[in-house]
1. For residue 281, what charge total do you get from the other residues with a beta carbon under 12 Å from its beta carbon, if Lys and Arg give +1 and Asp and Glu give -1?
2. Output the pairs from 125/347; 128/238; 238/267 with a Cα-Cα distance over 30 Å in this structure; if there are none, say none.
3. Residues in the stretch 359-399 near a label at residue 257, defined as backbone nitrogen under 17 Å from the 7 Å Cα→Cβ point?
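Please treat every number below as a calculation from the coordinates, not as lab data. Since we're looking at a predicted model, the values are computed, not measured. Positions of Cβ are backbone-derived with ideal geometry, glycine not excepted, and every protein chain shown enters the neighbour counts.
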Amino acid sequence: MRLKNAGLPLLAVILCLTVLTACTGNEQTVNESTKQQSDQEETETPNTVSDPTNDKTSKQANSKQQDDDNQNKDNTNNNASQQEKDEPENKKNKESSNNDNASSDNDDDEELLPNDTLTESDQGKQVKKVQSALNRIGYSLTEDGVFGPATMWAVKDFQAQQSALKIDGVYGPGTRDILKEALNGQLSITPGSGIKKEKQNEEQNEEKSEENPDDNQNNQNQSNVISDPSSFLALVNKSHQLPAGYVPDNLVIPDVSFPFDADLPKKQMRQTAANALEKMFAAGDKAGVDLFAQSGYRSYDRQEAIFASNVQDHGKQEANQFSAQAGESEHQTGLTMDVTSADIGFKLTSEFANTDEGEWVKQHASEYGFIIRYPKGKTNITGYQYEPWHLRYVGKNDAKAIDEQNITLEEFLGVR
Ligand SMILES: [Zn+2]
């Protein structure tokens, strides 16, 4: 794994580099030995402080740009489609007024509150009843009987305000009981005080293109430099930066499959995380899924170059939605690995979630200490689009706790 100095070619690469992936500015890989994926690879570029890299693949940089762009669009579309309808208004419809009578009658709540378990994508009368009940305690859902993103948000926001409830967006017996208490005035709920509302992003995309879409919670102007960057729970996001010179100790290359051969710096992870990744990949192998590691450690300098090139192509505002600024990428911690599968051409796209590998990872990553750092529907908390491929090591216990509660690292730490 000798990484040779790239010199001037390296600079040239950085300049024309355009590798962005939704993955917090992630560059992908490639190398001549993997021609099959030529459509997705990005260039590897060198980087870093201590590890100038070989630039074998740099020539491919420009040709990849197109694909990367497509990839980004895909992600954007996915994101948009998640945010569809389910808008407010309509608080009073006949159902809610009917229910007003019943709500004073504690025993008669089957009418009001379905006994079914309901969650995302469910439809019908029962969902409508839940929407109506939520509206009666202050939410503003369209009572259309569709358990879409707005209803999901409201259920989670409601759950987030009751410590007894899991924040999982599932309307089941526990949520039902507490919702009943709320309807009876036995406890009070403040819509929006549990989980930030996703809709804010939507409005901004449509209306206020001048504004930084992340202003709501991830204002990078308020960045704090992380004081303990080597902690397994270090929170790195658009408001918490790693120190510029921070290079993790004990970076090693995990013994797992990569879709390219070259010993690039991005193969590296911190020893502890690398060991955990090896165990996870071995278990996956046994279960019949074929995982590939695509991109791990990335230096501050490297991230700076990637972000600059993204800004050049997309403008700062847009770049900010899928690419991290230097110091704001988790890849600098050495605790992160982007994983993928052959089925999707080793790309880093949300399609990964639908592959056997993606499904297995979602189910089992936490057993090895990893979380899916940018989950679906949490963009307004994490500041990033859904990235089913981006795994962050936090240690087994915490990973399990985060996974079970279906929350983000921000929520787990109670910080944003
Ligand atoms: Zn990533």
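1. Counting the neighbours of residue 281, the net charge comes to -3.
2. Cα-Cα > 30 Å for 125/347; 128/238; rest within.
3. Of the residues in the stretch 359-399, 359-362 have backbone N under 17 Å from the label point off residue 257.
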